[in-house]
1. I need the peptides 95-104, 69-78, 16-25 ranked by packing, meaning the mean over residues of other C-beta atoms within 10 angstrom, with the highest value on top.
2. Only Cα pairs under 8 Å and at least 6 apart count here; give the relative contact order of the chain as a rounded whole percent.
3. Gain in length, residue 43 to residue 79, computed as 0.36 nm per residue apart minus the alpha-carbon separation, to one decimal in nm?
4. What are the semi-axes of the equivalent ellipsoid of the chain, taken as the square roots of 5 times the eigenvalues of the Cα gyration tensor, listed largest first and rounded to whole Å?
5. How many nm separate the modelled label positions at residue 101 and residue 127, each set 7 Å beyond the Cα in the direction of the Cβ?
6. Determine the calculated [θ] at 222 nm for the chain from helices alone, applying -39500 (n - 2.57) to every DSSP H run no shorter than 4 residues and normalising by the residue count; nearest 500 deg cm²/dmol.
Amino acid sequence: MKTITPKERRQHLKLRTEFISEGEEEEIILRLKEKNDRTDGIYRRISEMLNDRRLCLTLNGNEHFISQSEILFFETEENRIAAHTASGMYYTHKKLYELERMLPATFIRVSKSCILNVSRIGYVNRNLTGASEVGFDGTRKKVFVSRIYFKILKDRLKEMR
């Protein structure tokens, strides 16, 4: 088995904060040499951070409003969809295909019954003959990525480097 981690050596970018006067519009400007997968990934992640919406999920009949960035993965479980966070599990009435359409690009389908949040991946144990295992930072939870979907996951992780 081969282990792939999203935390490889990265090129360094200069990060600068500039404070503005009252009444001026706040903005984020990216000054980059070229447009490529890496710069598209930076733009996408900033956009998703700024637009991090909360989902209404249920647990024991109570509604909970959970930030999308907290969700590790969604999976089909006994004819309903479970949303897993590092500390718990909630449920949604939406179908996986509906979630796929509404969630940001950090969420990708990795099997018929699972959508995961790529930004929360801690490790990937690739299995060349079967499903590969994905684990998440800060928890023991894991999911399996079918061979059919592995290339999509690999490409998305590459974008995030």
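Derivation of every value follows stated rules applied to the coordinates shown; laboratory data play no part. Because the structure is predicted, anything quoted here is derived from the model rather than measured. We place every Cβ from the backbone using ideal geometry, glycine too, and count neighbours over all the protein chains shown.
1. The densest-packed peptide leads the list: 69-78, 95-104, 16-25.
2. Numbers: 226 pairs, mean separation 36.8, N = 161.
In percent, rounded to a whole number, it is 23.
3. Values: separation 36, 0.36 × 36 = 12.96 nm, distance 3.62 nm.
Between residue 43 and residue 79, full extension yields 9.3 nm more.
4. Numbers: eigenvalues 171, 106, 34 Å².
They are 29, 23, 13 Å, listed largest first.
5. Once both label points are built, they end up 3.3 nm from each other.
6. -6500 deg cm²/dmol, from helical runs alone.
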